[in-house]
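Each remark here refers to the structure printed beneath this line.
Each value in this text was obtained by applying a stated rule to the coordinates, not by laboratory testing. All figures in this text were calculated on a predicted structure; none of them were measured in a lab. With ideal geometry, Cβ positions are generated from the backbone for all residues, glycine too; neighbour counts draw on all protein chains shown.
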Amino acid sequence: MQRIAPALREDKVPLDLISLIKTILAATKEISFRVGQGQLSDVLGSTLDENIQGEVQKQLDVVANQLFKDITLESGFVKAISSEEEDTSVAGNENGKYIVSFDPLDGSSNIEINSLIGTIFSIMEAPEGMSADNPDLFKQPGTAQVCAGYVLYGPSTMLALTTGAGTHFYTLDKTHGSYMLTERNVQISPETSEFAINMSNQRFWQAPMQNYINDLVAGSDGPRERNFNMRWIAAMVGDVHRVLVRGGIFTYPADNRNPNKPNKLRLMYEANPMSFLVEQAGGLSVTSEGRIMEIQPTDIHQRVEVILGAKNEVEKCLSYYK
Ligand code: AHG
Ligand code: MN
Ligand code: MN
Ligand code: MN
């Protein structure tokens, strides 16, 4: 089994980017340790604060965010960071080559039930001629990502990572503290009979999504002429990991629960990095209107509809919108 740094060197990843990835992974090892300690570590439970999304922050959201922020900004490689838990972008080294966006703790509602949670991150190069405190540094489409990954704090701690040369899985060896390459070039099968969606929102979806899911649920008696299984982990890291491992389609569609907020997932630190990983594994990641990674961002916290996973199934879903 190979450690992560030599594996990345084999993929011709530049040395400064390898160093930045190792820096980010150092933070995930600490989070993994604290998560593993559970109630012994005094980081479970809620704070009294809300983030800019209007969500009550869990202690682990705050602790993980602080860790990521400190470790990336101290590294020297990073010009600025943006995070789900920060109102605006935060300036780092004026000469840093990279910018990092992250969801420090994904699946916050799973913390207290000792279920799947993770961290998602996305790395781009800082555009020339902008100062470190300029939030416009981040207004680049997902196609500009040079690296994306998530770490899943499950029964084992796993990393899915891409630098544009395929999507690879690594597993944290907790005795030595190294991420070891455990699966190269993960591939999502184009066909599937499994879907992931929060069904409780069905009445709020647009008609095309209602029709598509109705046809899946109709099973072998319906137009799809076969039965579909459903899963929902309520942490995007867990749902996307399942799609990468055994296939499937995952969607958080637009809905009309709140007219000012039709979408739930965030473009910069949820949808874009997951899209890069999924595309590098042969899957698709789109909104009902087009490829997610081609969206020109206008705001660090903007939200986006997400339909991702098995190529043929995503295309089938999109055909309902035509
Ligand atoms: P976060 O915990 O970082 O705020 O993200 C939660 C997101 C995502 O991980 C998950 O897919 C979705 O919220 C779950 O939404 P529901 O609560 O509607 O199931
Ligand atoms: Mn949140
Ligand atoms: Mn999240
Ligand atoms: Mn989060």
Review point. Looking at the stretch 57-148, what % of the alpha carbon pairs are farther apart than 22 Å?
Key: 27
Study note, to complete from the structure: Evaluated at 4 °C and 1.567 mPa s, the Stokes-Einstein D of the chain based on the Kirkwood radius over Cα pairs, in µm²/s, stands at 65
Study note, to complete from the structure: Around ASN95 (Cβ within 15 Å, Cβ-to-Cβ, excluding ASN95; K/R +1, D/E -1) the net charge comes to -4
Exercise for review: Could you tell me how many degrees, from 0 to 90 and to the nearest 10, lie between the Cα long axis of helix 59-74 and the main elongation axis, the longest principal axis, of the Cα atoms of the chain?
Suggested key: 50
Check your understanding: Can you give the angle from 0 to 90° between the axis of helix 207-217 and the longest principal axis of the chain, with both taken from C-alpha atoms, to the nearest 10?
Key -> 80
Practice item. For GLU125 paired with VAL56, estimate the spin-label separation in nm (one decimal), with each label point 7 Å from Cα along the Cα-to-Cβ line. Key: 4.5
Study note, to complete from the structure: Here the longest stretch of the chain that holds no GluC sites (Glu not before Pro) in a DSSP loop having at most 16 other beta carbon atoms within 10 Å is 226-288
Point to revise | Global size of the stretch 4-183 as Cα Rg and Dmax, reported in angstrom | key: 16.0, 47
Exercise for review: Any chance you could list P(r) for the stretch 194-319, counting all Cα-Cα pairs in 10 angstrom bins from zero, rounded to whole %?
Suggested key: 13, 47, 34, 6, 0
Check your understanding: For the stretch 137-234, what does the equivalent ellipsoid look like in terms of its semi-axes, each the square root of 5 times an eigenvalue of the Cα gyration tensor, given largest first in whole Å?
Key -> 34, 19, 15
Review point. Mind listing the phi-derived Karplus ³J(HN,Hα) values for the stretch 161-170, rounded to whole Hz, using 6.51, -1.76 and 1.60 with θ = phi - 60°, and x for any glycine or proline?
Key: 9, 9, 10, x, 10, x, 10, 10, 9, 10
Point to revise | Förster radius 22 Å - calculated FRET efficiency between VAL217 and SER319 (Cβ-Cβ, nearest 0.05) | key: 0.80
Revision key, fill the gap. Charge tally for neighbours of ALA218 with beta carbon under 13 Å away, counting Lys, Arg as +1 and Asp, Glu as -1, is -1
**Study point:** HN-Hα J in Hz across the stretch 81-95 - Karplus 6.51, -1.76, 1.60, θ = phi - 60°, x for Gly and Pro
**Key:** 10, 9, 8, 3, 9, 10, 4, 10, 5, 10, 6, x, 7, 3, 9
Review point. Could you state the number of Å between the C-alpha centres of the stretch 247-322 and the stretch 1-65?
Key: 24
Practice item. Would you mind checking the pairs LYS58/LYS316; LYS12/LYS79; LYS97/LYS261 and listing those with alpha carbons more than 32 angstrom apart? Key: LYS58/LYS316; LYS97/LYS261
Point to revise | Net charge over other residues, Cβ less than 14 angstrom from the Cβ of ILE18 (K, R count +1; D, E count -1) | key: +2
Study note, to complete from the structure: Label model pair ARG9, SER115: point-to-point distance (7 angstrom along the Cα→beta-carbon line) in nm is 4.3
